[in-house]
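Participant: Take a look at the following structure, please.
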Amino acid sequence: MASPDPEKAGSPGHGLGGMDHSHQYTENNGMNTIIDENGHEQPPHHGMSIGQYVKTRFTTLKPAMRPAPNPIRLLRMITGRQWAFFGVAFFAWTWDAFDFFTVSLTVEELAKDFGKTNTDITWGITLVLMLRSIGAISFGIAADRYGRKWPFVVNNLLFIVLELGTAFSQTYSQFLACRALFGIAMGGLYGNAAATALEDLPPAARGLMSGLLQQGYAFGYLLATAFARGLVNTTSHGWRPLFWFGACPPVLIIALRLLLPETEIYEQHASVRRTARANGHDKGGVSATFLREGKVAIKKHWLILIYLVLLMAGFNFMSHGSQDLYPTMLRSQYSFSANAVTVTQVVANLGAMSGGIIVGFASQIFGRRISIIVMCIIGGALLYPYTFISSKRLIAAAFFEQFAVQGAWGVIPIHLMELSPGAFRTFVVGTSYQLGNLVSSASSTIESTIGERFPLENGGGKVGYEYGKVICIFMGCVYVYTILLTFVGPEYLGRSFDVSEDEDVREVAGEEVVRGAVIASHMHGHGHGGDAEGSGSGSEGGEGVGGKAQGKEVEVA
């Protein structure tokens, strides 16, 4: 029996009524998605032996060739509520990047003010990278247990406090302390932003919006560059106005988030936990159900968790390896002026934003893995002009190289969400991203080690190393690593995020509890993509099983 196309009729395999479907299959992302005996969808690799899985790594790379929808039609599918969720998440992720780059863009000014070297100041950047994982773990667990809303608000409150703290720092130690704490806050945002922005969206729009969301980071860098030009060293306060300004927009972000309820998908999970408690299914309460979900997720998905960290290490190496030393190469090796460097960086970031949006959209048509691999191949082919052309023509290569790098990145938010356990989606997405970032913090050290073999000299002796050659060698290795890891990894294109399709939740709470919770959550919504109407409990929006279930949720104290 063929299930409906998930992009046309919601998610396949809805059927809490216990219909006997045996193990049937439906076409999904060019693979066979298993529909089990209860009518629930399973991942394409469900029940495979290692040998079978290895064989399918080749066959599943065949482009899915889903119909290419009109992007305007996709955007019109998104409701006002879903746009509000996406907008506040995108704005927060953009400003997260802005706050991070405030230090990168003022290193020399900070060093002069604190009486330190540039290297000393960059420790403020390193501490952020090192401590982001702590934030991802702590805020991720909080968002999956208590909801997306309040951890998001606390996160942005910390941005305000710590940007102001940095701005008013009088000593180097105070500066480092603020940046270390900022690393925890920054690490906590990504997973929550991705879940808030994407989990309620219509499946057909997820690829496009994933690419758009990810490019908030590049947009934040562009904004930081522009405001640094206008605010740094233009008053008697030197670098500090940039940080004062950086503390202001999160106030608006918090206000917007306070006006919005929880996401529909989180409410479904919360409803399951409340229903389990109300039915006496779990006498330990809501938290006990949440902990049981965690144990099941670790037991069943530990391998995918490790895989996602390794994958994100490759992606973060790709970003840092292609970007961190590039301005230095332009200045030191190819003698670009400050204005020429700025123009090149702006053009490269425009390429990045274009690539993320376009390839994110394309991944919905062709598949996640094939889109990433193709972008890595194109990026590798462009390495020579990106790193060896010394004239202004290099700007074109910079645009297309970053188009490829961030094109691959545009697939990542939704790819991570589709592969993550449903009850711990925020935690897994944020933690895998930040642990990968932690590993990639060694990229500068690795490039410096390679650079020792290729010293760059002028008449006065050594002035560094051949940055272009080093970037080319390093990025070549990173692209090969990322291609191989993406090739061997799984894919779950078009996965339903409904709690009724979450096998882990059904195992913990039971089929009857999940059915009751879905009915309860639908009392407050009109199915997938509908405008939710709250009832005073704060539980709004239930996108459930095919939009069929309707009922009333009983609040449990």
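The values are calculated or read from the model by the stated rules, or taken from the named source; none is laboratory data. None of these values were measured; they are calculated from a predicted model. All Cβ positions, glycine included, derive from the backbone under ideal geometry; neighbour counts span all protein chains shown. Each accessible area value is taken on the protein alone, full model and side chains, heavy atoms only, with ligands, DNA and RNA left out. Shrake-Rupley method; radii C 1.70, N 1.55, O 1.52, S 1.80 Å.
Participant: With the crude spin-label approximation of a point 7 Å out along Cα→Cβ, what separation in nm comes out for N118 versus Y146?
Facilitator: Taking the two extended label points, one gets 4.2 nm.
Participant: Another one. For the range 464-516, what class follows from the C-alpha gyration tensor (a ≥ b ≥ c being the square roots of its eigenvalues): rounded when a/c is under 1.5, otherwise prolate if a/b is larger than b/c, else oblate? Walk me through the intermediate numbers first.
Facilitator: Details: a/c = 5.43, a/b = 4.33, b/c = 1.25.
Here the range 464-516 falls in the prolate category.
Participant: At 1.4 Å probe radius, can you tell me the per residue accessible area of the range 433-502 in Å²?
Facilitator: On a per-residue basis, the range 433-502 sits at 39 Å².
Participant: On to the next question. Please give the net charge around R369, taking every other residue with its beta carbon less than 13 angstrom from that of R369, where Lys and Arg add +1 and Asp and Glu add -1.
Facilitator: Values: positive: R57, K62, R368; negative: E418, E491.
So the environment of R369 carries a net charge of +1.
Participant: Can I ask one more? What whole number of Å gives the distance from the Cα centroid of the range 372-403 to the Cα centroid of the range 134-190?
Facilitator: Their Cα centres are 35 Å away from one another.
Participant: Which order do F245, F85, F361 take when ranked by solvent-accessible area (1.4 Å probe, heavy atoms of all protein chains), largest first?
Facilitator: Working: F245 60, F85 5, F361 35 Å².
From most exposed to least exposed: F245, F361, F85.
Participant: Next question, about the same structure. For F168 and I389, what does the FRET efficiency come to when R0 = 51 Å and r is the distance between their Cβ atoms, rounded to the nearest 0.05?
Facilitator: Details: r = 44 Å, r/R0 = 0.87.
FRET efficiency, F168 to I389: 0.70.
Participant: Heavy atoms only, probe 1.4 angstrom, no DNA, RNA or ligands counted: give me I414, I389 ranked by accessible area, highest first.
Facilitator: Values: I414 0, I389 45 Å².
Largest accessible area first, the residues go I389, I414.
Participant: Sticking with this structure for a sec: What is the list of residues in the range 462-485 whose amide nitrogen lies under 20 Å from a point 7 angstrom out from the Cα of T126, following Cα to Cβ?
Facilitator: Hits in the range 462-485 for T126 at 20 Å: 464-465.
Participant: Please work out how much accessible surface D324 shows to a 1.4 Å probe, ignoring ligands, DNA and RNA, in Å² rounded to 10.
Facilitator: 70
Participant: At a 1.4 Å probe radius, carbon and sulfur cover how many percent of the accessible area of the range 78-507? Before the final figure, lay out the partial values.
Facilitator: On the way: 10090 of 14770 Å².
Summing carbon and sulfur atoms, their accessible area is 68 percent of the total for the range 78-507.
Participant: Modelling each spin label as a point 7 Å along the Cα-to-Cβ direction, I'd like the A338/T56 distance in nm, to one decimal.
Facilitator: The two pseudo-label positions are separated by 5.7 nm.
Participant: Would you please put 54-67, 148-161 in order of how densely packed they are, using the mean number of other Cβ atoms within 10 angstrom per residue and starting with the highest? It would help to have the intermediate numbers written out before the result.
Facilitator: Working: 54-67: 14.1, 148-161: 20.6.
So the order, starting with the most tightly packed, is 148-161, 54-67.
Participant: Highest mean first, what order results for 168-176, 69-77, 349-357 on Cβ atoms within 10 Å? Kindly include the intermediate steps, with their values, before the conclusion.
Facilitator: Working: 168-176: 15.0, 69-77: 12.7, 349-357: 24.3.
Put in order of decreasing packing, that is 349-357, 168-176, 69-77.
Participant: Around L419, under 12 Å between beta carbons, what's the net of Lys plus Arg minus Asp minus Glu among the other residues?
Facilitator: The answer is +2.
Participant: Taking all protein chains together and a probe of 1.4 Å, list Y53, Y146 from the most accessible to the least accessible. Before the final figure, lay out the partial values.
Facilitator: Working: Y53 50, Y146 150 Å².
Ranked from most to least accessible, the order is Y146, Y53.
Participant: Can you list the residues of the range 238-270 with backbone N under 12 Å from a point 7 Å past the Cα of V153, pointing along Cα to Cβ?
Facilitator: 254-262
Participant: Give me the distance between the Cα centres of the range 40-82 and the range 310-367, rounded to whole Å.
Facilitator: For the range 40-82 versus the range 310-367, the Cα centre distance is 27 Å.
Participant: Count charges around V346 for me, please; just the other residues with Cβ under 15 Å from its Cβ, Lys/Arg as +1, Asp/Glu as -1.
Facilitator: Numbers: positive: R229, K392; negative: E401.
Charge balance near V346 sits at +1.
Participant: Still on this structure, I have one more. Give, in nm to one decimal, the length gained when the segment between A226 and L350 is fully stretched (0.36 nm per residue of separation minus the Cα-Cα distance).
Facilitator: Numbers: separation 124, 0.36 × 124 = 44.64 nm, distance 1.37 nm.
Separation in residues times 0.36 nm, less the Cα-Cα distance, equals 43.3 nm.
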